Amino acid sequence: MINIVLYHPEIAANCGNIVRTCQAINAELHLIKPLGFSLDEKSFLRAGMDYILDCPIHVYENVEEFYQKNPGAEIYYITRYGQKVFTSVDVSSPVKDYFFMFGAESTGIDYEILRDHLDHCLRIPMKANARSLNLSNCVAIVSYEAMRQQNYFDLSTYETFKGQDFLNEFDK
């Protein structure tokens, strides 16, 4: 299972968008306080839509509590300081838990945390003078690579609401 961990997220709309991504891929969301918004804030609820009702969201007071409640977790830290590209790790087992931690929009993940886990720091490639991408985009990029490696395990690869042949109906 894919687990998305947000370390000190600051922007409600980003977090709401990430809830939607998590729900779409059957991932769980882990939020490490402090949060820069309230979980009942209008912009968070609007961005997350009704997906918030079905997405497992775990909230931790601090990173120590997160580590304590997830002992032995295989955690990858997504950071511009990573020496390996995020696609270089094997996360192909759909029955294994993988955790991807993303930092605050303005500051990232604390350096002390990163230094303790250098071998699990991963980078999303971008041009040399680009500092960062939007947080919700980063989550989508990394999580969908993980799902691709898992051959989109338990996800639909065709339209389920209007039917697989919906577009063919226009030819008639």
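The values are calculated or read from the model by the stated rules, or taken from the named source; none is laboratory data. The shown structure was predicted, so the numbers you read here are calculated from the model rather than taken from an experiment. Using ideal geometry, Cβ is built from the backbone for each residue, glycine included, and neighbour counts are taken over all protein chains shown.
Criterion applied to Ser143, Ser156, Ser132 was being outside any helix (DSSP H, G or I) and under 18 Å from the mean Cα position of the chain (by Cα), and the one residue passing it is Ser132. Mind listing just one residue for me: the one in segment 118-136 that is surrounded by 15 or more Cβ atoms within 10 Å (Cβ to Cβ) and at pLDDT 95 or above and, of those, nearest to Asn26 (Cα to Cα)? Selected residue: Ser136. Filtered by the rule that a residue be at pLDDT 95 or above and farther than 16 Å from Leu29 by Cα, segment 67-79 gives Gln68, Pro71, Thr79. The condition of being surrounded by 15 or more Cβ atoms within 10 Å (Cβ to Cβ), acidic (Asp, Glu) and out of contact with any Lys or Arg (no Cβ under 7 Å at 6 or more places or on another chain) holds for only one of Glu112, Glu10, that being Glu10.
Quick one: which strands (runs of 3 or more DSSP E) lie wholly within segment 1-85 and hold at least 1 residues that are touching a Cys at 6+ places or on another chain (Cβ under 7 Å), in contact (Cβ under 8 Å) with a residue 40 or more places away in the chain and under 26 Å from Arg115 (Cβ atoms)?
On the way: elements: 2-7, 28-32, 57-60, 75-78.
Result: 2-7, 75-78.
Within segment 159-172, is even one residue among the aromatic types (Phe, Trp, Tyr) and either under 23 Å from the mean Cα position of the chain (by Cα) or at pLDDT 95 or above (or both)? Before you say what the answer is, go through the steps one by one.
Taking segment 159-172 and keeping what is among the aromatic types (Phe, Trp, Tyr), we get 161, 166, 170.
Then drop every residue that is not either under 23 Å from the mean Cα position of the chain (by Cα) or at pLDDT 95 or above (or both), which leaves none.
Checking segment 159-172: not a single residue is among the aromatic types (Phe, Trp, Tyr) and either under 23 Å from the mean Cα position of the chain (by Cα) or at pLDDT 95 or above (or both).
Based on this model, can you work out whether Val19 counts as surrounded by fewer than 19 Cβ atoms within 10 Å (Cβ to Cβ) and among the hydrophobic types (A, V, I, L, M, F, W, C)? Judged against the criteria, Val19 is not a match.
Residues are listed down the side, and each one gets a yes or a no for (1) out of contact with any helix residue (DSSP H, G or I) (no Cβ under 7 Å at 6 or more places or on another chain); (2) more than 23 Å from Lys96 (Cβ to Cβ); (3) without any contact (Cβ under 8 Å) to a residue 40 or more places away in the chain:
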position: Glu112; (1), (2), (3): yes, yes, yes
position: Asp119; (1), (2), (3): yes, no, yes
position: Ile124; (1), (2), (3): no, no, no
position: Ala130; (1), (2), (3): yes, yes, yes
position: Ser136; (1), (2), (3): no, yes, no
position: Ile141; (1), (2), (3): yes, no, no
position: Leu155; (1), (2), (3): no, no, no
